[in-house]
């Protein structure tokens, strides 16, 4: 493992057992995250981005399991760890902001107490010290410290999201995973949270993984981006490279599905078809059936591998570029 | 008098909701808490025009749309449909009105009856339009509507249930249900906000097609300014129950004058924009519509606030043709 990497995921396969068979939700995902770096995962619903994140902190639902692969966090493989061993990792080392968790705060418990509870569960500090830490955290995420003893219903949506971020930071984790951290927020509140995330990244040199379906958020808060499709990474690289010099036809389609209000007004295009059934994925490239740049028979027969092309760290899984 | 070319005209529309506070406060103390969801809104929508209402939660955009369709009771004001006031008390009028004005809801997972097949859902409005259809005619109409909505071949979808369809397909069924009546006017409340970006475009195109093919007017209610900009002729920006600015889509996107609209357009996130724009991020959140600030209701968050704004509420005035702004000191923030 390289020294400046905080996380290395190698050939991760996470499957779900259901009545009809085995769903290959994440199928051979590899990536690295450097200290202080922010990596975004983007793709349509059901492409495996949340499952990738849940595999890292090992909070898969009961029928889900890591089939194979390595999750090297600070040199230690998390994949074989037991639930008990993971307990000491979560919050202390890796914390997660779940999708919609701002609505999952306990309504009959003061917000401050909920964060204090989380701190004291993971660290041997007394109540007073924990409370002081909550006040510091509130300051950090710009909530009035007088609100430590308020209940969630007294908070607005934006403040609840800030509280959730404060909670994620409570035990000084070295990696934070945000699953759709700005979805379902009002436009202006979303802008405030984006600013907060960027501000915290600078202050704390935070390493982050951001999961979102909204490619436009990625450009605001990430250094690198991984585009996922049907359980695989199809393209990964710096945000600049992937967005302005995209190579995979799926990335291209995804980018073109977003309007640019500061550019020319032209109708955006949809991606025809639906993602493949992961119970019984096709043999060749998983995107072949929807691809507008299919080069022939090879796309249906052989699955392309993620390979580095040109610019540093820019990788793509497509036969179109393998040939060159 | 109303203009002939408008399908909908609303004048001084007010919608208040009373908050229930419990028996004691209401009956004994006679305290009333009123939410002014929509506060004196004027708006017209032309035949074959797409107008977007854009705003954050609590801005009154949905309530405005619902009030037009008589799904929320108006407190005062006038709503003209096709030049005449809506006769909400006349059953016969309302029946005809419902056939001409339709609504599409945000959540395709909740707005379709799970026990109905696609045929049942799409053909249901035909039961009430006063004509009797033979089985074949009915099926032909349903297939036509489904294929218009992009569910091809329509025959394959006739006997499916909503749970067998994806979110995008469900929203297409909603649109087919709407299309089967050939309405003159549609209110679409966040019709694509629950859908993946990859299918949003096709759904939006359907509205544009309805407009070009059938001259259908659309009120598009959304929080997403870029989507509004994409398909609208005009955009109205709402804040706390009032329209603060209205004008052509390009004008609102590029040259809006109200400080709130400027802030809202400046924070729109886009893919692949190299130009570093100046973002105007407002502090705090929209105040509660129970306690609307005095004067200009935006003054508590306005970066350009002056003394006059705190006391006097600005009216919408036309500052260039078709461009209305409700601000005492409209100027571009550089």
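The values are calculated or read from the model by the stated rules, or taken from the named source; none is laboratory data. All values reported here derive from a predicted model rather than from experimental measurement. Using ideal geometry, Cβ is built from the backbone for each residue, glycine included, and neighbour counts are taken over all protein chains shown.
Observations on the structure shown:
- When restricted to residues that are out of contact with any strand residue (DSSP E or B) (no Cβ under 6 Å at 6 or more places or on another chain) and either crowded, with 24+ Cβ neighbours inside 10 Å or not assigned by TED's automatic domain parsing to the domain that holds residue A:250 (or both), region A:29-55 contains 0.
- Residues of region B:231-246 satisfying the condition of being on the phi > 0 side of the Ramachandran plot and more than 14 Å from chain A (Cβ to nearest Cβ): B:241
- Residue satisfying condition, being closer than 16 Å to residue A:232 by Cβ, surrounded by fewer than 16 Cβ atoms within 10 Å (Cβ to Cβ) and away from chain B (no Cβ under 12 Å), within set A:295, A:302: A:302
- Only a single item in (1) more than 11 Å from chain A (Cβ to nearest Cβ); (2) buried (at least 23 other Cβ atoms within 10 Å of the Cβ); (3) touching a strand residue (DSSP E or B) at 6+ places or on another chain (Cβ under 8 Å) is not met by residue B:228, and it is number (1).
- Subset of region A:261-290 [surrounded by 20 or more Cβ atoms within 10 Å (Cβ to Cβ) and within 14 Å of chain B (Cβ to nearest Cβ)]: A:261, A:268, A:270, A:271, A:275, A:287
- Scan of region A:191-213 for residues that are without any contact (Cβ under 8 Å) to a residue 40 or more places away in the chain and either within 17 Å of the chain's Cα centre (by Cα) or in a loop (DSSP other than H, G, I, E, B) (or both), ordered by number: A:193, A:194, A:197, A:198
- So residue B:37, is it modelled with pLDDT under 95, part of a loop (DSSP other than H, G, I, E, B) and under 18 Å from the mean Cα position of the chain (by Cα): no
- Region B:193-216: number of residues that are part of a loop (DSSP other than H, G, I, E, B), away from chain A (no Cβ under 12 Å) and buried (at least 21 other Cβ atoms within 10 Å of the Cβ): 1
- Identity of the residue in region B:250-276, farther than 25 Å from residue B:324 by Cα and touching a helix residue (DSSP H, G or I) at 6+ places or on another chain (Cβ under 8 Å), that ends up farthest from the other protein chains (Cβ to nearest Cβ): B:274
- Sole residue being within 28 Å of residue A:214 (Cα to Cα), in contact with a helix residue (DSSP H, G or I) (Cβ under 7 Å, 6 or more places away or on another chain) and touching a residue at least 40 places away in the same chain (Cβ under 8 Å), chosen from A:55, A:38: A:38
Okay, residues lined up against (1) more than 25 Å from the chain's Cα centre (by Cα); (2) in a helix (DSSP H, G or I):
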| residue | (1), (2) |
| --- | --- |
| B:115 | yes, no |
| B:125 | no, yes |
| B:130 | yes, no |
| B:133 | yes, no |
| B:140 | yes, yes |
| B:146 | no, yes |
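- Positions within region B:168-192 being touching a residue at least 40 places away in the same chain (Cβ under 8 Å), part of a loop (DSSP other than H, G, I, E, B) and more than 19 Å from residue A:45 (Cβ to Cβ), in sequence order: B:180, B:181, B:183, B:184
- Looking across A:214, A:199, one residue alone is surrounded by fewer than 20 Cβ atoms within 10 Å (Cβ to Cβ), within 13 Å of another protein chain (Cβ to nearest Cβ), closer than 30 Å to residue A:309 by Cα and modelled with pLDDT under 95. It is A:214.
- Every residue from region B:151-167 that is in contact (Cβ under 8 Å) with a residue 40 or more places away in the chain and in a helix (DSSP H, G or I): B:162, B:163, B:167
- Screening the candidates A:144, A:186 for the property of being touching a helix residue (DSSP H, G or I) at 6+ places or on another chain (Cβ under 9 Å), closer than 30 Å to residue B:238 by Cα and buried (at least 18 other Cβ atoms within 10 Å of the Cβ) yields one hit, A:186.
- Top-ranked residue in region A:169-189 [being in a helix (DSSP H, G or I) and in contact (Cβ under 8 Å) with a residue 24 or more places away in the chain; ranked as farthest from residue A:88 (Cα to Cα)]: A:189
- All positions within region A:228-251 that are surrounded by 15 or more Cβ atoms within 10 Å (Cβ to Cβ) and within 11 Å of chain B (Cβ to nearest Cβ): A:229, A:239, A:240, A:242, A:243, A:246, A:250, A:251
- If you check B:329, B:298, B:324 for being part of a loop (DSSP other than H, G, I, E, B) and crowded, with 17+ Cβ neighbours inside 10 Å, only one passes: B:298.
- Residue in region B:39-51 that is under 30 Å from residue B:100 (Cα atoms), within 14 Å of another protein chain (Cβ to nearest Cβ) and either surrounded by 16 or more Cβ atoms within 10 Å (Cβ to Cβ) or touching a strand residue (DSSP E or B) at 6+ places or on another chain (Cβ under 6 Å) (or both) present: yes
- The residues of region B:277-289 that are closer than 17 Å to residue A:160 by Cβ and facing another protein chain (nearest Cβ under 7 Å) amount to a single one, B:285.
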